[in-house]
Each structure stands twice: as structure tokens, then as C-alpha cells.
Amino acid sequence: MVGQGALRRLDGWNMKAPRKGNWSRGIAWSLLLLLASAACTRQTRESPGKLIDEGWDNFSLGEYAFAIAKFQKARDLTAAGTETRAQALFGLASTLAHRTPAPEMDQAEKIFNEIAREDPDRDLAAWSLLSIGRLKQIAPVGTEPDYRGALECCRQAADKFPFHPAGEEAFLHQIHISLMLAGRDRNKLRGLVRDLESFMANHPRSPFRSSLYALGARCLGQLEDHPGALAWLVKSFATAERSTAGPVADQSGVYWKLAAMAEFKCGDLDTARKYYHLILKEYPSDQKKFGVLRALERLDQEETRIRTELAAVRPAAKEARR
Amino acid sequence: MMRKAFESFWTYLPLAVIGIAYLASAAVVFIHGDREAPADVTVLRIAHWQLESGVRDGLNELAQDYARHRTAKGMPPVRIVQEAIPEGTYGTWVSTQLIGGTAPDILEIGKLPSNLLLAYLKRYFLPLTPYVARPNPYNMGTDLEGVPLKATFKDGMASAYRSEMQEYMWFALAQGSVRLFYNKRLLKRLTGLDQAPTDYRAFLSACERIARQKNARGLPYVPIAGSGVTFGIWDEQVFTPITYRAIEKADLNRDGYVGNDELFVVIKAGMIDFHFRPFAAKFKLIGEITKYFQPGFVGLSRDDSLFLFIQQRAMFFAGGTWDARGLVEQARGKFEVGVCDFPFPGKDDPDYGDVAVGPRYENPINCFPFGVTKMSRNSEAAVDFLLFLAGKQQNEKLNRIIGWRPGIKGAAVDPFLKAFEPRLFGVYGAMDVNLGGETYIKWSQLYSLFQVGQITYDELVAQFEPFYKERGLLDFQEVRRDWRRALIERERFIAGLRAAAMRAGSDGFGQAWVRYRQHATAQIDAENERMDQDELLAQASAAPLRTGPYEYSPALRALMKTNLRRSMRKQRRGE
């Protein structure tokens, strides 16, 4: 009954189209227009610099489509050859290389090359060459990394920009890849050690010294020069950068590594003891403390055994000489 | 006309009811909202899932203290509104709130999918790094005055640091650890003991005496209230640390720990097998302890075991600091709750003395973590309130009311909770057989069957070891592929750090560059580790490994002798 009445009334409303109906329709349309206009936003012109910053923010959040759009817009707003355009291109190439899914490595490499070609001496040219090297080395799962290609790119970057942060980093990767490819070839390993020594002499302030000393220690370890390797590892620790922004760096792992190397590779009891004691002194609550005490006990027992053996040998040797 | 009026009434009645209900709701919201949030008062919303007794009271009381403090200092007034959301729905609720932009100012961080947590943190939470190097202003007048905030936390804020973001993301306001709760009155009645024994043999003896007795209803007492969850606690605290000596054979990279990859290599190489003494000891220990759990414990929930304990049908219950207050209250008037450490065999134990070379180690963790959401319109006030809660005196009061251990150094601990002081010296586990994939499934199935006594350890080994060596290789290779995926993911993160460092300037120096380089060079360490593993696998395939990483070979002994002789000569010459 109610429904039929409503329908009749609705029909009446439609058929009669009274002034009251016009009013209602007018109000409804106005409301609709008002709502629609609320959805509109005023387009403001963004600067290329701001677009690039936003692009990197999107990159950090994993919103690669938005990042690409921002970098492309920044690129389109800037003139060819300018630093800002190069920054936009660098962001675009980085995003294409790292986005998931479907990274576009070839396109990224093309853009990095474009940056390097436009102005071969600029800062971003160095970073672009390094980035190409990294792309070749950090290949997707299922693809064999192009170590030789990466090595060549890193060598180019290191040779062209020897004192630039990107160039020094490229040298680090160059040595690392060379070490991986050298295997047990003693000549190649010795060559790498010489290259490293030369770099250290010419780059006394390089922030990569610590990592390079660590690679040098690996080279020497492969050459079975374990005391030499230990000495380079100690230098690596001494030259390591310390970040004040994060938690206080826990060096107990480094001390343990040095102690273990001294004990099991070099047979150097005193150096081993030195680093085990450093763990006890600087990290008294470290999880490895129990292991450290056992290690010191082990060293003491071995030293006692050796001394006893030597003491027994000495009188016999004296007797033999008489 | 009457009929027409009647019809009109019925037609418009639903609309009228809706309209009245809407107006009434709007009125209630307006009036109530004004009462909750007068115009001149900043409202901070804080949400968490801790429905345990005391948490809401603690936060409410500290909120009032904070409001009074602000008034006393002439600061703009703040009202803290607490929202306690049930644990089971918290994750969904938080996700909805964050995505919808309506999240509270302060959120307890957790119950989110672990694979999405990082994305949530980046997108929705404010980094708190700028505050960690500064002293907490609320520690003025205490011995922590002037001490950088991160150094005032018991764990140094290590748990709050997300290395993937290089940021501190929360303040964790309490310290958690686990122990055994027990029924003091029942213990005295059934064993004559005033305190629970922590000596392993004495503990087993007490359990045996308890198991032989029945309650007034003729039901046997259960010495240890068991469940899947409590078994996990026992596993972590007692069963796994007994495997420590596996380090002597399996810590191939000599970093003090045994990774799942190292264990696989040494077993595949034939250096040890699953009958290796520390491993066999672990499973013997499991059998001896779970003998005193109730039947079918594997399928029971934590609440099932808790219920058994409260009903005084079970003597011991494994739980955490977060359980303490609730247990004491539930037991009030019925029995007194005691707390003791887990029994762990010592060096003089007749069965385990050769493997139990030390006490067990506990990793101290800070819990009860709170972060500030980016959508908070009062983020400064929100951070200030969290700093207030992290002040030594305030943290002490908060945790005293809740019944937990404070997360701030030097804050006084409730005497009842002193037994929860973490053990920071001892042995830890060295038997990680989890290679993921089918190997993990097989292990879980067999481990469960062992726990309920359906198979012996020998049967478990007979079924698992061949599978581990053969199928495990495939899963191990998949783990390595995962390593490569992680390398790619990290390279992406490094690209972001590089961009941030370039925007910060400083020509390659400054903290942004240091952060960048630490991650960039870590990629090299990761690849080197994999190269070392490849070499070990190759060696293992070629010939069995004979000498353990911490054993002296004859050649090494000869080298030590030479070095020592040289050193002795130098000493004799006075060098």
C-alpha cells in the first residue's frame, strides 16, 4: 500500500513537473556541480628541483611509477646539457634500473651513458659510469652477472676519475671483481696487492681504505701469507669509518675475527690473546664472552704444552752439542 | 484526508527516524567530543594491544602526570586518550587506520606482517633519530642527566634501529625475558620444598614426585604446563643452548656462531652427523623434560597451559615478564606465585657434563615499542610524551604499575621481577637445520612426532638425515638464490642512500656519505662470504673435512711452536 502510494506520487511528480519539482532538480544539480568542483585541484607549476626531490622520495617508498613520472617531468622542464637535467636523468635511470617488477637495465644503461656523454667531466658522469658497472655486476636472479663488463666499466670510471668518490668506489669494485676472477693465480694476486699498495700511497684520505685493506688481506690469504693478511686486516680495522648516526658500532666481531686469524692461521698466540682480551675489556656483556674465555684457556694450555716440550728438548740438545 | 495524512506519516516515517537518529548521534558526538577535547586542549591518541592487567592503568596515570607537568611548566595543555585494541585484530586495525589517514598520534609497533613492516615504517612513521643523541630532558636531576637518550635504554636502543632505513623508529619502554612460574603452596605440599629447584637433577626429581600424585578429584598433577608456545620457550632457553659445542666443528668462518649454511656444509662433508653428541644431548633433554608435560601438549594453546596452571593442576608454567602481573592477580587468594630460572645441566651433570660447558646465555631485549605516526598533527607533543615515558623515574613508575621490568637503565625493578634479570654470560645454540622449503617442512613434521613420543631420536635421524643431505642441497641452493635477491634489494636501497648523500652535499664526507659507504661496501662482504662458502662446498665434495675450525692441526702446532720459540729467544736477548 505504501509502495503503490509512493509510486503513484512519483509518477505524479514526473508527469506533472510542478514548480516544486524544478526547484528540487535545480538544487540537486547545484549540489552535484559543487561536489564535482571540490574534486578539482589547482595545478601549480613545480620546479624541476622539487620534482627531482619528490622523485627520490617516491623511489625510497617503492613507488617507482610515480618516481619515473616525476623524473620525466623534471627532464622535460629543463634544457639539455644542464646539471638539473642530468640529475633528472640520473634519477630516471636509477629508477628504471631498480624498479620492481620489470627493471629496464638496458634503458637505464642507455641513459647513464647519455649523462656521461653530455658532459664527460661532470660529477654525475662519474656516478653514471659506476652505476653501469654495478648494473652489470648485480644481475637479476637467473642471469649470470657480467663480471668482465662490470670490471671494464669500473676500470674506466677509476681511471677517468681517480680522486672522485665514484672513481675511488669504482676502484674498490675493480679490485674485488679482479680478485673473484683471479682464483688462485699467484701472479694476478700479487699484481692486485701491488695495485692496492699504489692506491694507498696516492690516496691517504680515501674513505675506502678500510675496505681495500680488507681485500688486500684476502689477496694475501690466497697467497698463504697469513701474517701479511693479518697485518692488512688490522689496518682495515684501524681505518674503518665510524658512523655516529647509528647504534655504537659493535667491534667485538672484528676483534674475534682478528684473534681467530692470529690463532688459527698465523699461530701467533700473543696477538690472538691481545684481541680476545679487547673483547673482554670493551664488551664485557658480549654473547661471545664465554667463547673468549675458552679460547684464552685453550691458548694457555697450548703454550704450556709447547714450553714443556721445548724445555725437555733443550737439555738434550745441550748434551748433544757437548 | 485522515487517510492521506496516515499514508504520508507511514511514507515519511523511515526518513524521519533516520533523520532523528542522525541528529541525536551528531549531538552526542558534538557534546562528548567537546567534553573529551575542549577547543584549547591538544589531544594525543595512543593505541596499543596490551590488554594485560595494569597496562592501561599505567599509561593513564603517566598521562595524567604528563598533563600536570605541562600545566606546571606553563606549556599548552595536552590530553592523552588511550585506545586498547584486542591483539587479534590489532594488525588489521592499524593497517586500516594508517592507510585511511586516521591513525592515532602514537602507536605500539607490532602485529604487522613482517614482510610489510619496513614499508609501513618508511611510509607512516616518523624517524626518531634526531632525538637519540640528545639527553632526555626528563632525566634532569637523575644520574642519567646529560646522557644521550640511546645510552639510557638497557639495550642501547639497538632494537629500535632499522638498518635498512638507517633510522631509529621507536622507543621500547620495557625489558622482556622469560622464566618459570610455579605454585609455591602446591610445591610445598607435594615435594616439601620451599623454593623451586634450579639444579637440573633436583628439578627432574621434583617433577617425578609431582607426577606420582593426584588431586582431590583423582586427577594426576601435571608437573609442567605444556603447549606449543611454552615448548618453544623451553626450546630456546634450555634445549638449544646445550648444542653450543657444535661451534667447535661447524663454525667454519670462525665468527663465533653456526649458521644454517655452515651446519649443512659440515654434515654434507661428513664431519659430523645428527648423532653428534651435542645434538643427541638436546633430544635426550627434550625427552626428559616433556615427559612431565601433559599429553597432547603440542596441539594446545598458551591459554590452555595457563589455565591448567591457574587451576592448580600444573606446577610450572613458562612465561614472560608480561605474564607476571596477570598471573599474580589470577592466583590471588588461591596460591602464591613463585618465579625461578630454567633448570640447566651443569658441568658436573652425569649425563650432560661433557656438553653443558657453561650456563645458558640470554639475549636481553627491550619491548613495548611505541612510534609516532607521520600523520600526527601534534608530532612534537607526541614525541615529548614518549620522552616523558622514557625518563628514568617515569619509566620506573610506568613499569611498576604495569608489573614489568623497566626499559631504562638504573630504573628500580619490582622485587618479584628481579628473577627475570637476563643472564649475560653463557652458551647459546648452534644447531640451525632450517634450510627452508621441503627440508623445513620435513623437519617440522618429524620434530613434532618426536615431541609427542611417536618416534625416537634414532628414528627421526634415520628419516631426516638422508633427506637433509639430498633434498637439503636444493633448498640450500634456493637459500643462496635468496641471497642474490637480497643483494639486489640492497643495491636498490643503496641507490636511494647515494641520492640522499648527493643531495646532502659535502663532497663525499659527512654522515650521509658514511651511511652510504657502509652499505655499499657491505655488498662486497656479502659476495666474499658466498665465495668462501663455494670453496667450502667444493672442499667438502672433494674430501671430508678433518680438522674442526677450533682444532689445532699438526702444521698449526708446529707454526705455534716456531713462533713461540722465536718470541722466547727475543725475550732472552732482552728485545
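Tally time: how many residues in segment A:73-97 are polar (S, T, N, Q) and in a helix (DSSP H, G or I)? Talk me through it step by step, then tell me what you get.
To start, the set of residues in segment A:73-97 that are polar (S, T, N, Q) comprises A:78, A:82, A:84, A:87, A:94-95.
Filter once more, keeping what is in a helix (DSSP H, G or I): A:84, A:87, A:94-95.
Qualifying residue count, segment A:73-97: 4.
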Out of all the residues in segment B:509-529, is one or more at the interface with chain A (Cβ under 7 Å from one of its Cβ atoms), surrounded by fewer than 17 Cβ atoms within 10 Å (Cβ to Cβ), assigned to a helix (DSSP H, G or I) and not polar (S, T, N, Q)? no
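Looking at the structure I just gave you, is B:I272 assigned to a loop (DSSP other than H, G, I, E, B) and crowded, with 19+ Cβ neighbours inside 10 Å? Write out each step before concluding.
Details: assigned to a loop (DSSP other than H, G, I, E, B): yes; crowded, with 19+ Cβ neighbours inside 10 Å: yes.
Here the answer is yes, as B:I272 does meet what is asked.
What about B:V258, is it touching a residue at least 60 places away in the same chain (Cβ under 8 Å), of a type in the set (V, I, T) and either more than 29 Å from B:F464 (Cα to Cα) or part of a helix (DSSP H, G or I) (or both)?
no
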Could you run through segment A:279-306 and say how many residues are open to solvent by 40 Å² or more (accessible area, probe 1.4 Å), aliphatic (A, V, I, L, M) and more than 9 Å from chain B (Cβ to nearest Cβ)? 1
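Matching residues to (1) open to solvent by less than 30 Å² (accessible area, probe 1.4 Å); (2) β-branched (V, I, T); (3) under 16 Å from B:L263 (Cβ atoms):
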site: B:Y440; (1), (2), (3): no, no, yes
site: B:T456; (1), (2), (3): no, yes, no
site: B:Q463; (1), (2), (3): no, no, no
site: B:R471; (1), (2), (3): no, no, yes
site: B:D482; (1), (2), (3): no, no, no
site: B:L487; (1), (2), (3): yes, no, no
site: B:R498; (1), (2), (3): yes, no, no
List the pairs whose first member sits in segment B:385-400 and is under 21 Å from B:D323 (Cα atoms), whose second member is open to solvent by less than 10 Å² (accessible area, probe 1.4 Å) and charged (D, E, K, R), and whose Cβ atoms are under 7 Å apart, counting only residues at least 6 apart or on separate chains? B:N399/B:R405
Taking A:P120 and the conditions (1) outside any helix (DSSP H, G or I); (2) at pLDDT 90 or above; (3) open to solvent by less than 20 Å² (accessible area, probe 1.4 Å), which numbered condition does it fall short on, given that it satisfies the others? (3)
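If you scan segment B:394-438, which residues turn out to be crowded, with 23+ Cβ neighbours inside 10 Å, of a type outside the set (A, V, I, L, M) and assigned to a loop (DSSP other than H, G, I, E, B)?
Narrowing segment B:394-438 to residues crowded, with 23+ Cβ neighbours inside 10 Å: B:394-395, B:398-399, B:402-408, B:411, B:427, B:430, B:435.
Next, only the ones that are of a type outside the set (A, V, I, L, M) stay: B:394-395, B:399, B:403-407.
Once the filter is applied, which keeps residues that are crowded, with 23+ Cβ neighbours inside 10 Å, of a type outside the set (A, V, I, L, M) and assigned to a loop (DSSP other than H, G, I, E, B), segment B:394-438 yields B:G403, B:W404, B:G407.
Here is a yes/no grid of residues against (1) within 14 Å of chain A (Cβ to nearest Cβ); (2) over 30 Å from the mean Cα position of the chain (by Cα); (3) free of Cβ contacts under 8 Å to residues at least 40 places away in the same chain:
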site: B:F450; (1), (2), (3): no, no, no
site: B:A462; (1), (2), (3): no, yes, yes
site: B:E470; (1), (2), (3): no, yes, yes
site: B:D475; (1), (2), (3): no, no, no
site: B:R481; (1), (2), (3): yes, no, yes
site: B:F493; (1), (2), (3): yes, no, no
site: B:A499; (1), (2), (3): yes, yes, yes
Scan segment B:197-205 and give yes if some residue there is touching a residue at least 60 places away in the same chain (Cβ under 8 Å), within 14 Å of B:T290 (Cβ to Cβ) and part of a helix (DSSP H, G or I), otherwise no. yes
Take B:I286 and tell me if it is in contact with a helix residue (DSSP H, G or I) (Cβ under 7 Å, 6 or more places away or on another chain) and under 23 Å from B:Q195 (Cα atoms). no
Name the pairs whose Cβ atoms lie under 7 Å apart, with the first residue in segment A:258-273 and on the phi > 0 side of the Ramachandran plot, the second not acidic (D, E), and 6 or more positions between them or separate chains? A:G267/B:L556; A:G267/B:L559; A:G267/B:M560; A:G267/B:N563
Could you go through segment A:88-100 and let me know if any residue there is open to solvent by 50 Å² or more (accessible area, probe 1.4 Å) and within 27 Å of B:L121 (Cα to Cα). yes
Are any residues in segment B:227-258 over 20 Å from B:Q294 (Cα atoms) and open to solvent by less than 30 Å² (accessible area, probe 1.4 Å), and if so, which ones? B:P241, B:I242, B:T243, B:Y244, B:A246, B:I247, B:A250, B:D251, B:G256, B:V258
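Looking at segment A:262-269, is at least one residue more than 11 Å from every other protein chain (Cβ to nearest Cβ) and part of a helix (DSSP H, G or I)? So that I can check it myself, show each step before the final result.
Of segment A:262-269, the ones more than 11 Å from every other protein chain (Cβ to nearest Cβ) are none.
No, the conditions are met nowhere in segment A:262-269.
The values are calculated or read from the model by the stated rules, or taken from the named source; none is laboratory data. Keep in mind it's a predicted model, so treat the numbers as computed, not measured. Backbone-built Cβ (ideal geometry, glycine too); neighbour counts: all protein chains shown. Just so you know, the surface numbers come from the protein's heavy atoms only, side chains and all, with ligands and any DNA or RNA stripped out. Shrake-Rupley method; radii C 1.70, N 1.55, O 1.52, S 1.80 Å.
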